[in-house]
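First up is the structure itself, then whatever we jot down about it.
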Amino acid sequence: MGIADDSPVALPLLFTVLADGKAVFTAKVGLGKVRPVNVDISTATQVSLRVSTTSTNQCHGGTTGVWIAPEVRH
């Protein structure tokens with residue numbers, strides 16, 4: 001996960017993995033950084049990936065969050 005290189009606003013974003021509606025992973029990532037995610041979701045029936053802003057300067061699409069090649073394994 002990370003921020004798209006062509007994002008006009010380089011402020012960090014908050015990335016969250018939710019399993020059955022509960023956050024099981026959260027990380028703040030800035031431009032030029034990539035963070036791998038490895039989380040156990042084996043007992044979950046629903047999984048969601050969320051990207052949230054960390055500043056009101058991002059509220060109009062100024063920063064693009066990217067989940068890079070997400071993969072679920074068992």
In the stretch 24-46, anything open to solvent by less than 70 Å² (accessible area, probe 1.4 Å) and not in a loop (DSSP other than H, G, I, E, B) is listed as Val24, Phe25, Ala27, Val29
Q. What about Asp5, is it outside any strand (DSSP E or B) and within 16 Å of Ile68 (Cβ to Cβ)?
A. yes
Exception for Arg50 within (1) at pLDDT 80 or above; (2) open to solvent by less than 80 Å² (accessible area, probe 1.4 Å) falls at (2)
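The values are calculated or read from the model by the stated rules, or taken from the named source; none is laboratory data. Everything numeric here is computed off the predicted structure, so don't read it as measured data. Backbone-built Cβ (ideal geometry, glycine too); neighbour counts: all protein chains shown. Areas reflect the complete protein model, heavy atoms only, side chains present, ligands, DNA and RNA absent. Shrake-Rupley method; radii C 1.70, N 1.55, O 1.52, S 1.80 Å.
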